[in-house]
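Working notes for the structure below.
The values are calculated or read from the model by the stated rules, or taken from the named source; none is laboratory data. Bear in mind the structure is a predicted one, so any value in this text is a computation, not a measurement. Counting neighbours? That spans all protein chains shown, and the Cβs are built from the backbone with ideal geometry, glycine included. Heads up: the accessible areas ignore ligands, DNA and RNA and are worked out on the full protein's heavy atoms, side chains in. Shrake-Rupley method; radii C 1.70, N 1.55, O 1.52, S 1.80 Å.
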Amino acid sequence: MARRNLDECNADRIKKILLLGVEGEKRKIYFEKAVYAAGIDYEFCDWNNFLLLEKRDDLKHCIIKIDAPKWDSSVLNDLDKLTSQYKKALFTLAELPFGTYFNHPMDILELLDKRKCKQKLIQNGIPVTKPIFHMFSKSDELLSFMRENRLRQVFVKPVMGSGAAGVSALRFEPTKNKIVLYTCAQLLKDKLINTKRMHRLEQDKAVEFLNALLKLDCIVEKWHKKFHCQSKDNDYFDNNYSFDLRVIVQDGKIDYILPRLSKGPITNLHLNNLSIPFNELNLKKSTIDKLCDVCIKTAACYPRLNSIGLDVLLEEGSEEPYIIEMNSQGDLMHKDVYSSNTIYRKQIEIIKNIMVDGYIRKGQKI
């Protein structure tokens, strides 16, 4: 390469990490620890100021990592407004003339939509918790569908929610007309409020809650029975604990697996559920191999995402893995950041490789 051309390439080389996030959040704090340990040039931009990025022409020298904004409402009825604002911001970022993204904003946007994401995974032959592609506007419609199709258990989730927001596990016994619903939301004065604890509703109260929930855009999925813990190494293990897994896939490789244990149907850790080291599950090698294979193939469906958090269950009996959800911003694992900070250190390794190999061409994002 001629000297002049080499200088032109070096001028366009990626030199800096720019994190778009929220001041004071643990994601920022522990990502920065990994950045500073690596000695990489770094800049932070708060979501409150993200529109200033449109005015900058130096982003061609940056790799941009997008963390989720902090929403100022726990009312599920506000989801449409909040997510529409976020979607608009992601569209704006995708249209910037320069910039390399650690996770591309348009793919972050697609993963926010549980229905659209699940459709793509099905098209790519990925085993997923089975969605029911049917729209329900009220409880009578859903319960009639369950009765006609001999479904006894389903999950109902807002399409654009995260962090178990509005996720509800519904049990229905039509012969007894018995209805039980588990959720971490509450219906207060016609508004659905996301909380940090589980609620169990029966009969009329369950129907009233379900009617309110179905006014939102929701996806309904088959309730797969989760595998139960087999280890006897710890006192807290018993047959009442089932589990699913949060699997972090980065740069096409599995970096972290965290089992989430619960005696109820919803396993999110902010609901005071248990987590344990993955090896304490004592799973068969064949089960682990199948789990890893499915997770890597799932991540490959979105090659512009360098880091993905997968929620995965192993089905009771078959031990087959099923993808529950994908999360393009699910990289904060408290047990990891409070110890070795493996996940964020791995992200810095990936970014350093992009800095070495990546050049920005006009009108193109790598």
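So the values come out like this:
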item: Efficiency of FRET between Asn48 and Lys138 - r from beta-carbon atoms, R0 51 angstrom, step 0.05; result: 0.85
item: Relative contact order (percent, whole number), the stretch 1-148, Cα cutoff 8 Å, 6+ residue spacing; result: 21
item: Approximate spin-label separation Lys263-His228, in nm, with each point projected 7 Å along Cα-to-Cβ; result: 1.4
item: Accessible surface of the chain [probe 1.4 Å, protein heavy atoms]: carbon and sulfur percent; result: 47
item: Mean separation of Cα contacts under 8 Å, 6 or more apart, over the residue count of the chain: relative contact order %; result: 19
item: For peptides 182-192, 95-105, 240-250, sequence by mean Cβ density within 10 Å, most packed first; result: 240-250, 95-105, 182-192
item: Calculated FRET value between Lys15 and Ile122, using beta carbons and R₀ = 45 Å, to 0.05; result: 0.65
item: Among Ala37, Ala165, Ala68, residue whose mean-square fluctuation peaks in a GNM of the chain (springs only between Cα atoms under 10 Å); result: Ala37
item: Cα gyration tensor, the stretch 72-143 - rounded (a/c under 1.5), prolate or oblate; result: oblate
item: FRET efficiency estimate (nearest 0.05) - Cβ-Cβ, Glu319 to Gln186, R0 45 angstrom; result: 0.80
item: Heavy-atom surface of the chain, accessible at 1.4 Å and reported per residue (Å²); result: 49
item: Linear extension gain, Gln153 paired with Glu208, 0.36 nm per residue minus alpha-carbon span; result: 18.0 nm
item: Theoretical ellipticity at 222 nm over the chain - DSSP helices of four or more residues, -39500 (n - 2.57) apiece, nearest 500; result: -9500 deg cm²/dmol
item: Area of Cys45 that stays accessible when all protein chains are in place (1.4 Å probe, Å², to 10); result: 10
